[in-house]
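Coordinate-derived values only; no laboratory data. The shown structure was predicted, so the numbers you read here are calculated from the model rather than taken from an experiment. All Cβ positions, glycine included, derive from the backbone under ideal geometry; neighbour counts span all protein chains shown.
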Amino acid sequence: MTILLHICCGPCAAYPLDVLHGEGFRVHGFFYNPNIHPYREFRKRLEAVEQLASRVNLAVDYHSEYGMREYLRQVVFNEDRRCGLCYDMRLREVIGHAKKMRADAFTTTLLYSRYQNHDMIRGKAEELAAQHKIPFYYHDFREGWQQGIDMSREMGLYRQSYCGCIYSEQERYDKRFKKKMANKT
């Protein structure tokens, strides 16, 4: 059975790949992440996926065009809903690619991150799966959080420190913004 694995970055793919291979899936990767900012960060993450794919002999299709404009058109003035909009954007592209390549199922490395909204991702993916008649494979890959970190370090993969979007970059590094947001609650 072939599963299309949406890959957000190399480090987040290491553990899920191990699980999927262990469960007997033939895995095909798909890199599509128009949310990543800035451009240099996008290139680093793309290169880390290429490095991982080479090391583990994984076929990956790359959407290597920088999609920041498309992403921003979706989320500007909707910042409080940006994660859901971003999940929609990426999962719709993933399911379209899964149909095109006739994959038996699809999943995403977003399910590896402790920082993503699993219930929202799962709900959106299951809705798309029902609409397009391609099964969504859910697995809570967070169980292997540390193992994935260790694997990516052993492979020397570039490890990022924020989700990827311009908003999460600000939330990660801007101390004044963090303080302002903390005072709002």
Picking from VAL76, VAL60, VAL56, the residue that is over 21 Å from GLU93 (Cα atoms) and β-branched (Val, Ile, Thr) would be VAL56
Among residues of the stretch 75-122 being over 19 Å from VAL49 (Cα atoms) and of a type in the set (Gly, Ala, Ser), the residue nearest to the chain's Cα centre (by Cα) is GLY84
query = Within the stretch 19-35, is even one residue more than 18 Å from ASP140 (Cα to Cα), among the hydroxyl-bearing types (Ser, Thr, Tyr), out of contact with any helix residue (DSSP H, G or I) (no Cβ under 6 Å at 6 or more places or on another chain) and outside any strand (DSSP E or B)?
reply = no
Of the residues in the stretch 132-162, those that are closer than 26 Å to ASP80 by Cβ and either among the small types (Gly, Ala, Ser) or out of contact with any helix residue (DSSP H, G or I) (no Cβ under 8 Å at 6 or more places or on another chain) (or both) number 1
Is there a residue being touching a residue at least 60 places away in the same chain (Cβ under 8 Å), farther than 21 Å from ILE121 by Cα and either surrounded by 18 or more Cβ atoms within 10 Å (Cβ to Cβ) or of a type in the set (Ser, Thr, Tyr) (or both) anywhere in the stretch 3-18? no
